[in-house]
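*Asks:* Supplied in structure tokens, the structure appears directly below.
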């Protein structure tokens, strides 16, 4: 009889270990709260992978990881070391700004990573920073946060990627002077020279819009814009296709005033130099994009006055509220 | 009287039996496959293998466009209309157009719009997808979307210098330049619970000829605000399509 009771006791005691879910530490709860991503109606629909819905817990975790050097194998730098909010999550140097990347389907200048934000963040954590998972797993706070975001006690690169992607999706800039101008309720108007620049930008005169158009100010595609007579490999490095030589990802022009130097190799310090390049400095090559239709005469041939108008318009794409958005700030310094 | 009942029952039951044997015609599906060519030659991108009516050798780099308002029509005038817009991009999108749930009957013509009709071709007329936003037609005063972006390069005779062409069509100065195309279906398309296939042949070379010989150098690469150029292309594009049934 005693033995039977003992046996039963052992059985009952071990029962939870036989079920699929391991018992969780007291106080841990997996009940994620949906996060409402806000952006204007005139922005494109933000596609979110079904297996990574945006949650309050996931976004906060991603934000912490973004600012925490723990992701780096040597803990020497965090994402935010190079992607600084004061520079629209960029930094002077060859640092791609993090801005509206939720709408992107290919990442890095040469398109090395194609897919979703989860794919690029997996690359950044596992391959670029070479995150040591055991340090997160043994951390006093992170295991609980990962559990609350993903319902899993084990921290994986996939979980890191998902959390980072969730935070990146919240990095939305949609409050430039140009956005305010588009919103009829705000009664914000463009100055004369800004509007003349708008006309150059959004007509075939400047023909900026075929690549940098739409509300995101990028077509999220790859083009050879005529930088060099012998272009660098660009996208062809990834695809192996000789027609992709010299093709690089179109960067957004949102906050372009704050994210110099310019081009994939940072060859231009100022926007004035960039406009000069498109006006007179284009170089023909076999893969130059047909959209660069004025390459045969060196560029779009703007007068100094027109260059000034175009620059004035480009500056209407600056969103300073993005630089001070508290939801994107370092969560460890609140 | 009793006999009469029996007679009626006999008539009724035979009617029921008859109708059960007679199979009622049901809806079917039509799938249209777009098959590109350039003047009868196979379409190969980024290769100067074609010569246009104006005498330039040229290559095709990129083609993006909308097809909409597909309509199947019977000889008695009844129509089946599909209220849907299809974005097509060479080498990227599935070059097939599914027309589901087509009522039974024999259809003898197919119509569609190349581009977007006036109701759709307004700002915000299409869902705000990345694709549609990249097709916007943002010129001051105009509205809507590009119907087509057809881009490539041509060579100048003699020097061989390469220059770009951008055949971008859309509504210019409130002129709706979409093209309505109607094509007869030889021998008809018989729908009765089946899936029929049509091949839509699309000859890109027709943009450059018939009726208007298109000279890249004369028109230049910037035609979005040039209504004369838009009209010339509208007439040329109308002859770019033909269909052939793929079923026996």
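*Asks:* In the range B:158-187, which residues are more than 21 Å from residue B:52 (Cβ to Cβ) and within 14 Å of chain A (Cβ to nearest Cβ)?
*Replies:* Across the range B:158-187, the qualifying residues are B:170, B:172, B:173.
*Asks:* Here is a list of conditions, (1) touching a strand residue (DSSP E or B) at 6+ places or on another chain (Cβ under 7 Å); (2) free of Cβ contacts under 8 Å to residues at least 40 places away in the same chain, and residue B:130 meets all of them except one; can you say which number that is?
*Replies:* Failed condition: (1).
*Asks:* What about residue A:157, is it within 28 Å of residue A:248 (Cβ to Cβ), free of Cβ contacts under 8 Å to residues at least 60 places away in the same chain and more than 11 Å from every other protein chain (Cβ to nearest Cβ)?
*Replies:* When the stated conditions are applied, residue A:157 passes them.
*Asks:* Here is a follow-up. Report yes if some residue within the range A:247-260 is at the interface with chain B (Cβ under 10 Å from one of its Cβ atoms) and in contact (Cβ under 8 Å) with a residue 40 or more places away in the chain; otherwise report no. Full working, then the answer.
*Replies:* Residues of the range A:247-260 that are at the interface with chain B (Cβ under 10 Å from one of its Cβ atoms), as a first pass: none.
The answer is no, given that none of the residues of the range A:247-260 is at the interface with chain B (Cβ under 10 Å from one of its Cβ atoms) and in contact (Cβ under 8 Å) with a residue 40 or more places away in the chain.
*Asks:* Which one of these does residue A:58 not meet: (1) part of a loop (DSSP other than H, G, I, E, B); (2) surrounded by 16 or more Cβ atoms within 10 Å (Cβ to Cβ)?
*Replies:* (1)
*Asks:* Just the residues that are at the interface with chain A (Cβ under 10 Å from one of its Cβ atoms) and closer than 18 Å to residue B:93 by Cα, please, taken from the range B:129-157.
*Replies:* B:129, B:130, B:131, B:132, B:133, B:134, B:135, B:146, B:149, B:150, B:151, listed by residue number.
*Asks:* Provide a single number: the residues in the range A:265-302 that are touching a strand residue (DSSP E or B) at 6+ places or on another chain (Cβ under 8 Å), surrounded by 18 or more Cβ atoms within 10 Å (Cβ to Cβ), more than 14 Å from chain B (Cβ to nearest Cβ) and assigned to a helix (DSSP H, G or I).
*Replies:* 3
*Asks:* Let me ask you something else. Taking residue B:124 and the conditions (1) crowded, with 17+ Cβ neighbours inside 10 Å; (2) facing chain A (nearest Cβ under 9 Å), which numbered condition does it fall short on, given that it satisfies the others?
*Replies:* Residue B:124 satisfies all of (1) crowded, with 17+ Cβ neighbours inside 10 Å; (2) facing chain A (nearest Cβ under 9 Å) except (1).
*Asks:* Among the residues of the range A:303-334, write down those that are part of a loop (DSSP other than H, G, I, E, B) and either over 26 Å from residue A:88 (Cβ atoms) or within 23 Å of the chain's Cα centre (by Cα) (or both).
*Replies:* Step one: list which residues in the range A:303-334 are part of a loop (DSSP other than H, G, I, E, B), which gives A:303, A:316-319, A:325, A:329-330, A:334.
Hits for the range A:303-334 are A:303, A:316, A:317, A:318, A:319, A:325, A:329, A:330.
Yes/no matrix, rows are residues, columns are (1) within 22 Å of residue A:43 (Cβ to Cβ); (2) away from every other protein chain (no Cβ under 14 Å); (3) touching a strand residue (DSSP E or B) at 6+ places or on another chain (Cβ under 8 Å):
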site: A:172; (1), (2), (3): yes, yes, no
site: A:175; (1), (2), (3): yes, yes, no
site: A:186; (1), (2), (3): yes, yes, no
site: A:193; (1), (2), (3): no, yes, no
site: A:200; (1), (2), (3): no, no, no
site: A:211; (1), (2), (3): yes, no, yes
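*Asks:* Taking into account only those residues within the range A:115-141 that are free of Cβ contacts under 8 Å to residues at least 12 places away in the same chain and outside any helix (DSSP H, G or I), which is surrounded by the most Cβ atoms within 10 Å (Cβ to Cβ)?
*Replies:* A:115
*Asks:* Would you be able to tell me the number of residues in the range A:222-234 that are within 14 Å of another protein chain (Cβ to nearest Cβ) and either buried (at least 19 other Cβ atoms within 10 Å of the Cβ) or free of Cβ contacts under 8 Å to residues at least 12 places away in the same chain (or both)?
*Replies:* Number of matching residues: 5.
*Asks:* Further question on the same structure: Kindly provide the set of residues from the range B:33-66 that are in a strand (DSSP E or B) and within 14 Å of chain A (Cβ to nearest Cβ), ordered by number.
*Replies:* Across the range B:33-66, the qualifying residues are B:58, B:59, B:60, B:61, B:62, B:63, B:64.
*Asks:* Which numbered condition in (1) within 30 Å of residue A:233 (Cα to Cα); (2) within 13 Å of another protein chain (Cβ to nearest Cβ) is the only one that residue A:313 fails?
*Replies:* Tallying (1) within 30 Å of residue A:233 (Cα to Cα); (2) within 13 Å of another protein chain (Cβ to nearest Cβ), residue A:313 fails exactly one: (1).
*Asks:* Still on this structure: Whether any residue in the range B:96-119 is at pLDDT 95 or above, within 11 Å of chain A (Cβ to nearest Cβ), under 30 Å from residue B:217 (Cα atoms) and assigned to a loop (DSSP other than H, G, I, E, B) is what I want to check.
*Replies:* No, the range B:96-119 contains no residue that is at pLDDT 95 or above, within 11 Å of chain A (Cβ to nearest Cβ), under 30 Å from residue B:217 (Cα atoms) and assigned to a loop (DSSP other than H, G, I, E, B).
*Asks:* Inspect the range B:188-204 for any residue being at pLDDT below 95, within 14 Å of another protein chain (Cβ to nearest Cβ) and either buried (at least 20 other Cβ atoms within 10 Å of the Cβ) or within 19 Å of the chain's Cα centre (by Cα) (or both) and give the result as yes or no.
*Replies:* No, that holds for no residue.
*Asks:* If you don't mind, another one. Name, by its number, the condition in (1) in contact with a strand residue (DSSP E or B) (Cβ under 8 Å, 6 or more places away or on another chain); (2) away from chain A (no Cβ under 14 Å) that does not hold for residue B:77.
*Replies:* (1)
*Asks:* Residues of the range B:205-225 being under 30 Å from residue B:44 (Cβ atoms), within 14 Å of another protein chain (Cβ to nearest Cβ) and in contact with a strand residue (DSSP E or B) (Cβ under 7 Å, 6 or more places away or on another chain), which ones?
*Replies:* B:216, B:221, B:223, B:224, listed by residue number.
*Asks:* Of the residues that sit in the range B:167-180 and are out of contact with any helix residue (DSSP H, G or I) (no Cβ under 8 Å at 6 or more places or on another chain) and surrounded by fewer than 21 Cβ atoms within 10 Å (Cβ to Cβ), which one is modelled with the highest pLDDT?
*Replies:* Going through the qualifying residues, I end up with B:180.
The values are calculated or read from the model by the stated rules, or taken from the named source; none is laboratory data. Just so it is clear, the model here is predicted, and its values are computed rather than measured. All Cβ positions, glycine included, derive from the backbone under ideal geometry; neighbour counts span all protein chains shown.
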